[in-house]
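Trainee: One structure, pasted below without further comment.
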């Protein structure tokens with residue numbers, strides 16, 4: 001019974017090592033200029049390739065894997081629950097009609113419920129990963145290109161451990177200061 005949960009979680013966790021740098025770049029690109037009127041913010045990342053280059057140059061190559069630990073756990077929990085629960089529903093025969101044929105409606109309902117359950121259980125881990133991904137280099141945190149405030153490195157505590165970011169009551173993102 002637990003094998004379905006573990007196998008589903010491990011399959012997705014392996015892929016996370018390759019997709020996490022894309023998640024870091026996406027998060028940084030989404031957040032640049034978030035609190036400033038359109039056209040009033042500095043564009044730090046022009047595209048994904050430039051985001052990779054800039055993050056690697058400013059924060060170091062390991063910054064492309066920021067938030068990896070909670071991201072792996074998120075994928076493990078979400079997909080383990082999603083795939084494991086769906087397999088259990090199938091094993092119980094709930095996706096078949098009275099004649100023993102696979103019902104499309106029941107299969108879709110079981111898939112939707114399994115996916116929603118996995119997402120609900122794993123969403124706190126995604127919040128931790130997103131929080132860690134959003135921390136940027138000190139000079140990249142200006143709020144506007146025409147005189148925004150630069151964040152001093154001592155103004156925030158970088159979160160290097162996922163558990164401290166999750167349990168902290170004062171998660172602060174430099175771009176929001």
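Values in this text are rule-based calculations from the coordinates and carry no lab data. Since we're looking at a predicted model, the values are computed, not measured. Note that we place each Cβ from the backbone using ideal geometry, even for glycine, and neighbour counts take in every protein chain shown.
Trainee: Going by Cα centres, segment 99-134 and segment 27-90 are how many Å apart?
Mentor: 19
Trainee: Shifting gears a bit: Of the peptides 15-28, 121-134, 64-77, 100-113, how do they stack up when ordered by the mean number of other Cβ atoms within 10 Å, highest first?
Mentor: Numbers: 15-28: 17.6, 121-134: 19.9, 64-77: 22.3, 100-113: 12.4.
Put in order of decreasing packing, that is 64-77, 121-134, 15-28, 100-113.
Trainee: Send over the per residue convex hull volume for segment 1-118, Cα only, as a whole number of Å³.
Mentor: Dividing the Cα hull volume of segment 1-118 by its residues yields 140 Å³.
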